[in-house]
Amino acid sequence: MITVEKALEIILAESQDFGVEKIPFMESLGRVLKEDIGADRDFPPFDRVSMDGIAIYYDTYKKGDITFPIESIQAAGAEQLSLKSQQNCIEVMTGAVVPKNVDTVIPYELVEIKDGKAELSTDTIKQGQNIHRKGLDRKQDDLLIKQNTIISSAEIGVLATVGKATVKVAKQPKVMIVSTGDELIEVDKIPLNHQIRRSNVYTLVALLQELKIQADTAHINDDKAILKQKIEGYLLDYDVLLFSGAVSKGKFDFLPEILEELGVKKQFHKVKQRPGKPFWFGAIGPFSINDMKIGNGNHKTTIFAFPGNPVSTFVGCLKYFYPWFRKSIGIEYKNLDYAILSEDFTFQPALTYFLQVRLQNENGRIIGTPVKGKGSGDLANLADADGFLELPADKTEFRKGETFPLIRYRQY
Ligand SMILES: Nc1nc2c(c(=O)[nH]1)N[C@H]1C(S)=C(S)[C@@H](COP(=O)(O)OP(=O)(O)OC[C@H]3O[C@@H](n4cnc5c(N)ncnc54)[C@H](O)[C@@H]3O)O[C@H]1N2
Ligand code: MOO
Ligand SMILES: [Mg+2]
């Protein structure tokens, strides 16, 4: 059995490249950018008025004039006007081009307009005020967004402003999520006493949707021949297979033997953790097989077979699949989330313990309060928690006030 740290190291070393695709920029939210985005022009692209008001020639004011006949109006979106007489002014709107022959803008709040003339009601005017100079924010060709950035709402605005209607992003993997087990029935069916509804598959689908991956799903009963035949097909068609169940010691836990019979290279089976100990991980390929449905060239399939208990599957996906996927599409793995334990906690076995916690922010510190639940089958408890504190295997006593890595699945 290997440690959680070693398991993650092995998994990250198996990351794979799914290539690049071009998509409409409005579909790129949450995807990873695969090109540098530069400024197509100066920002702002012209000297821009930043207050609604009047624009004057400063030297006229400096000579003592405070009344300026209004010559014209410069609206946003209109071509640049020109002040004809230095004694006059032009009314200017926020976002408009600064007219020619003016150099200073005074907001409406500081002028009184009567009979076509603007009279200043202030004597503290600085030359050049309320003009946002061309190129002040960014210069043409400046790098605005670096390749490998996860596109957020902020980047969407930048893409729009530089005219990137389509954008290069990392391609998503083709993923198949498979549940196994004769006890499982569909969500819209009424279970008999010995049956339960399939839930893990939907949890996994949802977890992948948060990564913008649209996965396919399948359910296979505990029949070794059928399992083997179906999985053989999935290995050809998919980049990733996520399984839930059939990896432990039971008479019908066929997955580890089937995967090995099909030539998948086992990287490890069982990790020193709770929940999720019987986790099986392996990969097959890369193969260069031209007649593969997935396309020509190198094809590799990575297999995450999570234990069937719902909390095990859930934490396994967050702890292992998420960082593997992120590394695969170009984001370096780093854990930035930590939380402070709110009370003393004891866990005796020499296993990493993923403790379910409810999170609170106390004066900028994230506090995790244990909501332990009744074990790895207790999926209802996940709805009462916000994340997991990762308590290291080499300790048994965890003290109030100590800080631990956090895997959160609720962001608010
Ligand atoms: N003799 C041993 N028995 C068990 C061990 C062990 O080490 N020795 N490990 C236990 C641990 S820990 C876990 S976790 C489970 C893992 O079991 P499997 O991966 O083999 O999964 P199953 O046997 O198929 O199912 C376990 C449990 O999970 C429920 N399940 C499965 N799939 C789903 C699904 N899609 N949706 C909802 N629930 C699901 C299933 O009904 C079982 O209750 O093994 C322990 N046993
Ligand atoms: O590994 Mo199991 O998930 O502890 O019940
Ligand atoms: Mg089992």
Query raised in the report: Among the numbered criteria (1) surrounded by 13 or more Cβ atoms within 10 Å (Cβ to Cβ); (2) touching a residue at least 24 places away in the same chain (Cβ under 8 Å); (3) not charged (D, E, K, R), which single criterion is violated by L81?
Result: (2)
Query raised in the report: Within the stretch 208-233, how many residues turn out to be farther than 16 Å from F281 by Cα, assigned to a helix (DSSP H, G or I) and touching a residue at least 12 places away in the same chain (Cβ under 8 Å)?
Result: 6
Report summary line: Filtering the stretch 152-207 down to residues that are acidic (D, E) and in contact (Cβ under 8 Å) with a residue 12 or more places away in the chain yields E155, D182, E183, E186
Query raised in the report: Based on what the data block shows, is D378 surrounded by 15 or more Cβ atoms within 10 Å (Cβ to Cβ), acidic (D, E) and farther than 23 Å from K334 by Cβ?
Result: yes
Query - Yes/no for P45 being within 49 Å of the chain's Cα centre (by Cα), farther than 30 Å from T149 by Cβ and surrounded by 13 or more Cβ atoms within 10 Å (Cβ to Cβ) - result: no
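Would it be correct to say that F306 is under 23 Å from R31 (Cα atoms) and either under 27 Å from the mean Cα position of the chain (by Cα) or in contact (Cβ under 8 Å) with a residue 40 or more places away in the chain (or both)?
no
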Query raised in the report: Can you find a residue in the stretch 259-277 that is within 13 Å of ligand 1 (Cβ to nearest atom), closer than 15 Å to V175 by Cα and in the same structural domain as D216 (by TED's automatic domain parsing)?
Result: no
Query raised in the report: Which of the residues spanning the stretch 305-347 are assigned to a loop (DSSP other than H, G, I, E, B) and either away from ligand 1 (no atom under 16 Å from the Cβ) or acidic (D, E) (or both)?
Result: I329, G330, I331, E332, Y333, K334, N335, L336, D337, S342, E343, D344
Query - Identity of the residue in the stretch 263-288, surrounded by fewer than 16 Cβ atoms within 10 Å (Cβ to Cβ) and within 23 Å of F18 (Cα to Cα), that ends up farthest from ligand 3 (Cβ to nearest atom) - result: S288
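So that you can scan it fast, the table gives a plain yes or no per residue for (1) away from ligand 2 (no atom under 16 Å from the Cβ); (2) under 19 Å from T302 (Cβ atoms); (3) basic (K, R):
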| position | (1), (2), (3) |
| --- | --- |
| A246 | no, yes, no |
| D253 | no, no, no |
| P256 | no, yes, no |
| Q267 | yes, yes, no |
| P275 | no, no, no |
| G285 | yes, yes, no |
Requested in this report: Read through the list (1) within 16 Å of ligand 2 (Cβ to nearest atom); (2) modelled with pLDDT of 95 or more; (3) on the phi > 0 side of the Ramachandran plot, then give the number of the only condition that V271 fails.
Outcome: (3)
Report summary line: When restricted to G181, G163, G157, the only residue more than 29 Å from the chain's Cα centre (by Cα) and either within 16 Å of ligand 3 (Cβ to nearest atom) or not aliphatic (A, V, I, L, M) (or both) is G181
Query raised in the report: Do we have any residue at all in the stretch 119-138 that's closer than 30 Å to K168 by Cβ, surrounded by fewer than 16 Cβ atoms within 10 Å (Cβ to Cβ), modelled with pLDDT of 95 or more and charged (D, E, K, R)?
Result: yes
Report task. Please find, among K300, K319, the residue that is of a type in the set (D, E, K, R), modelled with pLDDT under 95 and closer than 26 Å to V247 by Cβ. Result -> K300
Query raised in the report: Can you find a residue in the stretch 233-241 that is assigned by TED's automatic domain parsing to the domain that holds R197, within 16 Å of ligand 2 (Cβ to nearest atom), more than 25 Å from D182 (Cβ to Cβ) and out of contact with any His (no Cβ under 7 Å at 6 or more places or on another chain)?
Result: no
Report task. Could you tell me which residue of the stretch 161-188 is surrounded by the most Cβ atoms within 10 Å (Cβ to Cβ), considering only residues that are in contact with a Gly (Cβ under 7 Å, 6 or more places away or on another chain) and within 22 Å of L255 (Cα to Cα)? Result -> T180
Report task. Output yes when any residue across the stretch 349-356 is among the hydroxyl-bearing types (S, T, Y) and surrounded by fewer than 19 Cβ atoms within 10 Å (Cβ to Cβ), and no when none is. Result -> no
Query - Those residues of the stretch 103-151 which are part of a strand (DSSP E or B) and free of Cβ contacts under 8 Å to residues at least 24 places away in the same chain, in sequence order - result: E112, K114
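The values are calculated or read from the model by the stated rules, or taken from the named source; none is laboratory data. This structure is a prediction, so every number in the text was calculated from the model and none was measured. Ideal geometry is used to build each Cβ from the backbone, glycine not excepted, and the neighbour counts take in all protein chains shown.
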